[in-house]
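K.L.:
Pasting in a structure now, in structure tokens, and then I'll have a few things to ask.
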Amino acid sequence: MAPPENTFPVSSLEQRAQFHSVNFKDKSRKLGDFDLKRDCELLELVQYSCTTPEQQAKRAMESPDGRARMECFPFVRLFRKCENKGKVFHVETTAWEGQNAWKPPAGSRPTAGMSNKEETAVYTESTKSVFAKYKELFWFGE
């Protein structure tokens, strides 16, 4: 199982790329003049989410001929491959750029200057619809 990760607003991705975790503590990468889009190569990974055997059985019972095929749906993930002093690190940017990029809701105010609690509340409310969209790609059952 993967170690637990801290969640943060998409708007702070570039700042969070400046740090990495060592023994559950944030350490600075000391990148200097660093721009994620300018200094890192864009990579794409296509993964697939497929129907489960239980979902196939349910569909087979509902179909007139009693047959159901496995269906798989592609999901594209974007990463940036960065290098700093000979060390390579990757940053997932799927929610930050590309077709499924998060965009702030119309009429929302910038989160700069907000407390962490206020920023988290804005992030949580505004991302509910984004997560609902991603959920459609992965979870097909009730």
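K.L.:
If I filter region 32-39 for residues that are modelled with pLDDT under 80, more than 15 Å from the chain's Cα centre (by Cα) and among the aromatic types (Phe, Trp, Tyr), do I get at least one hit?
P.N.:
No: zero hits.
K.L.:
Kindly indicate whether GLN47 is loosely packed, with under 14 Cβ neighbours inside 10 Å and either among the hydroxyl-bearing types (Ser, Thr, Tyr) or at negative phi (or both).
P.N.:
The answer is yes for GLN47.
K.L.:
Could I ask something else about it? Conditions first: (1) closer than 16 Å to CYS82 by Cβ; (2) exposed (fewer than 14 other Cβ atoms within 10 Å of the Cβ). PHE34 passes all but one, so which condition is the exception?
P.N.:
(2)
The values are calculated or read from the model by the stated rules, or taken from the named source; none is laboratory data. Computed from a prediction, not measured in an experiment: that's the story for all the values here. As a convention, Cβ positions derive from the backbone with ideal geometry for all residues, glycine included, and neighbour counts pool all protein chains shown.
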